[in-house]
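The next block holds one structure in the form of structure tokens; read it before the comments.
We did not get these values from a lab; they are worked out from the coordinates using the rules stated. These numbers come from a predicted model, not from an experiment. Cβ placement follows ideal geometry from the backbone for every residue including glycine, while neighbour counts extend to all protein chains displayed.
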Amino acid sequence: MDIFRDLQDRGLVYQHTDEETLRKRLAQGPITLYCGFDPTADSLHIGSLLPILVLKRFQLAGHIPIALVGGGTGLIGDPSGKVAERTLNPQAVVEQWATKIKAQLEHFLDFETKESPAILANNYDWLGSLQVIEFLRDIGKNFPVGTMLAKDSVETRMDKGISYTEFSYMILQSYDYLKLNEIYGCEMQVGGSDQWGNITAGIDLIRRNSVNQGKEMYGLTMPLVMKSDGVKFGKTESGTVWLDAEKTSPYKFYQFWMNTDDRDVIKFIKFFTFLTLEEIAVLEEGIEKEAGKRTAQRTLAVEVTRIVHGQDALDRAERISKALFGGGLSKLSAMEVEEGFSQVPSATIDHPQIGIVDLLIQAGAVTSKRQAREAIESGSIYINDIRVTDVETSVPQIERLDGKYLVIRRGKKNYYLIKFNQ
């Protein structure tokens with residue numbers, strides 16, 4: 001497989017070292033490459049998904065990817081792409097986050113296969129034991145301040161301020177590349193477009209090292225993922241889209257991709273799925289011929305949710321989606337109800353003998369009894385998919401979902417979840 005050509009055809013190549021020598025090296029046989037993931041939270045988010053999948057593409061093409069967890073650099077903070085200084089987190093917290101991120105990376109890459117197994121590393125293993133004098137003499141001397149100031153990650157921060165701590169990040173990342181080259185024979189680093197300055201600095205450090213003088217090293221960056229509507233990719237009204245199912249449920253994750261704009265969906269399918277370019281071309285034709293069917297969006301949602309959360313979670317997300325948008329709430333389990341309505345207004349009822357009017361008020365669906373009666377009489381109130389038309393209806397008359405829940409809908413989109421203590 002021509003991995004470089006595949007990446008190009010998918011729009012995944014933004015910057016790279018000399019194309020001719022890189023192509024030649026990739027054609028010669030397996031190359032060991034790496035990408036770093038700093039533990040800045042207890043989970044990676046979908047902004048990290050693109051480089052993870054690029055590592056996976058290289059592994060599927062027979063190369064050896066290294067997933068580097070930044071247990072050391074995570075204590076410093078990367079200024080790349082940031083307009084202000086990061087908050088420094090305690091070491092114990094960063095260690096906990098690093099452990100969780102390791103587990104997430106193991107979900108995507110194969111570290112057990114006999115052919116081209118991936119490698120999981122943590123840069124705290126070498127950064128944590130550095131001696132400052134030795135480091136400044138042997139490594140720091142290779143970094144001209146003028147060159148560092150000219151790097152985008154630093155230059156863009158000069159007006160708003162950058163501490164020496166974050167200024168030194170480039171040196172630490174470069175040292176990572178050097179150590180991975182020494183330990184694993186790593187010849188290539190990949191990353192987002194904001195990492196280009198750090199990548200080239202690492203290549204320069206390795207070339208200046210007396211052992212590696214004249215050695216050819218490689219770098220490649222991916223484009224910044226942008227949405228056509230100008231909204232930052234990976235953000236929703238409820239916040240960041242995480243890879244951890246506890247932080248972003250598989251249903252919410254699935255819906256994020258389902259809501260992709262027609263202008264973005266083909267690009268995202270190329271970026272985030274392993275469908276062939278021929279299969280993607282068919283989907284692209286379908287958008288033009290059958291606008292409104294959203295077949296491409298569903299394909300994207302299905303493929304990415306399966307990759308990140310697995311088939312069982314995908315099946316659950318699809319059942320919830322079908323129930324919410326096509327009827328069938330009664331078929332959902334308690335867990336699926338909780339997942340599907342985790343971010344809607346909710347209330348817990350201690351006295352199930354109340355009437356429908358009081359129920360609507362407690363749920364927050366209306367603000368007064370008069371408003372409740374008007375909503376019922378106008379036919380805009382549904383409970384568990386059934387329209388309520390009688391203001392005298394009592395809650396015990398309504399069958400609960402899985403014996404625990406009622407889902408109130410006012411109008412087409414306003415949902416409220418009711419849970420009973422008994």
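Structure data summary
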quantity	calculated
Computed over the chain: relative contact order in percent, which uses C-alpha pairs under 8 Å that are six or more apart	14
Span from the segment 370-410 Cα centroid across to the segment 327-364 one, whole angstrom	10
Where labels lie 7 Å past Cα in the beta-carbon direction, separation of D110 and R5 in nm	2.3
Cα convex hull of segment 342-414 - mean projected area over all directions, nm²	4.6
At most 11 other Cβ within 10 Å, DSSP loop - GluC sites (Glu not before Pro), segment 85-181	E112, E115
Exposure proxy ranking, count of Cβ atoms within 10 Å, fewest first, for I266, I133	I133, I266
Those residues of segment 1-45 whose amide nitrogen sits under 17 Å from the label point placed on T276, 7 Å along Cα→Cβ	1-3, 5-7, 9-10
Kirkwood Rh, Cα atoms: Rg over Rh of segment 1-93	1.04
Given charges at beta-carbon only (K, R positive; D, E negative), |dipole| of the chain in Debye	640
Cα-projected label distance for S342 with S193, points at 7 Å along beta-carbon direction, nm	3.2
For segment 242-283, fraction of C-alpha pairs farther apart than 15 Å, in %	51
Value of [θ]222 nm, deg cm²/dmol, for the chain, DSSP H segments ≥ 4, -39500 (n - 2.57) each, nearest 500	-13000 deg cm²/dmol
GNM result for the chain, Cα springs below 10 Å: residue of N181, N142, N123 fluctuating most strongly	N142
Alpha-carbon radius of gyration plus Dmax, which is the widest Cα pair, for segment 3-222 in Å	16.6, 50
Principal-axis tilt of helix 19-28 within the chain, Cα atoms, nearest 10 degrees	90
On Cα atoms only, tilt of 311-326 relative to the major axis of the chain in degrees	40
Net length gained if the chain between T389 and D18 were fully extended (0.36 nm per residue, minus Cα distance)	126.5 nm
Percent of beta bridges antiparallel (DSSP, the chain, rounded to nearest 5)	50
Selection of chymotrypsin sites (Phe, Trp or Tyr not before Pro), segment 100-189, meeting DSSP coil and at most 16 other Cβ within 10 Å	F111
Kirkwood hydrodynamic radius of the chain, Cα pairs, Å	24.4
Fluctuation leader among P223, P39, P396 - the chain, Gaussian network, Cα springs under 10 angstrom	P396
Candidates I139, I119, I76: whichever shows maximal mean-square fluctuation once the chain is modelled as a Gaussian network with Cα springs under 10 Å	I139
Crossing angle, helix 49-60 versus the chain [Cα axis fit, 0-90 degrees, rounded to tens]	60
Exposure proxy order (Cβ contacts within 10 Å, fewest to most) of V154, V69, V132, V391	V132, V391, V154, V69
DSSP-defined antiparallel bridges as percent of all bridges, segment 346-420, nearest 5	75
